[in-house]
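FYI, it's all coordinate maths here, none of it is from the lab. As the structure is a prediction and not an experimental result, all values here were calculated from the model. Ideal geometry is used to build each Cβ from the backbone, glycine not excepted, and the neighbour counts take in all protein chains shown.
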Amino acid sequence: LRARGGFQTDIEWENGKVKTLKVKSLLGGNLRIRTADPLTLVGKGNLQPAEGNNPNPFFKTPVIPSPIISKEAKLNPPAVKPTIEYDLLTEPEKEYVFKVN
């Protein structure tokens, strides 16, 4: 599977959950991963908890004004499971392997 930002992924599944994730960086730059389960990087690299906006220019987030919501609206926000975000600075044409803890 190819992902935005020049990344190619290969996912190994076990019992409906990710067991191993391989990511090949085609262009280099910051890789941000969002996952429900903690990851461990196998091999070289510096996997860090993500902070702030993603510095990868392919993921620049536009500024969007807050929506106007009627005072009479009864909102039912969806239940969102907690996630973990990681950043990894990648090099072009290198592959990175992650194991789910």
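Less than 16 Å from a label point 7 Å out along the Cα-to-Cβ axis of LEU47: which backbone N atoms in the stretch 57-101 qualify, by residue? Flagged as within label range: 83-91, 95-101. What shape does the stretch 1-58 take by its C-alpha gyration tensor, where a ≥ b ≥ c are the square roots of the eigenvalues and a/c under 1.5 counts as rounded, a/b above b/c as prolate, and the rest as oblate? Prolate shape, in that a/c is at least 1.5 and a/b is the bigger ratio.
Classify the stretch 12-101: rounded, prolate or oblate, from the alpha-carbon gyration tensor (a ≥ b ≥ c, eigenvalue square roots; a/c under 1.5 rounded; otherwise prolate if a/b is larger than b/c)? Oblate shape, in that a/c is at least 1.5 and b/c is the bigger or equal ratio. Short-range pairs are left out: with C-alpha atoms under 8 Å and at least six residues apart, the relative contact order of the chain is 44 percent.
Bridgeable aspartates and glutamates around LYS60 (alpha carbons under 18 Å apart, same-chain partners fewer than 8 residues away excluded): GLU51, GLU85, ASP87. Between the stretch 13-59 and the stretch 64-101, what's the alpha-carbon centroid distance in Å? Cα centroid of the stretch 13-59 versus Cα centroid of the stretch 64-101: 13 Å apart.
In loop segments of the stretch 1-99 as defined by DSSP, the trypsin sites (Lys or Arg not before Pro) with at most 12 further C-beta atoms inside 10 Å of their C-beta are ARG4, LYS44, LYS60, LYS71, LYS74. Straight-distance candidates among the lysines for linking to LYS81, with alpha-carbon spacing under 22 Å and chain neighbours fewer than 8 residues away dropped: LYS17, LYS19, LYS99. Rounded, prolate or oblate: which one fits the stretch 59-101, using the alpha carbon gyration tensor with axes a ≥ b ≥ c (rounded when a/c is under 1.5, else prolate when a/b beats b/c, else oblate)? Since a/c reaches 1.5 but b/c is at least a/b, the shape of the stretch 59-101 is classed as oblate.
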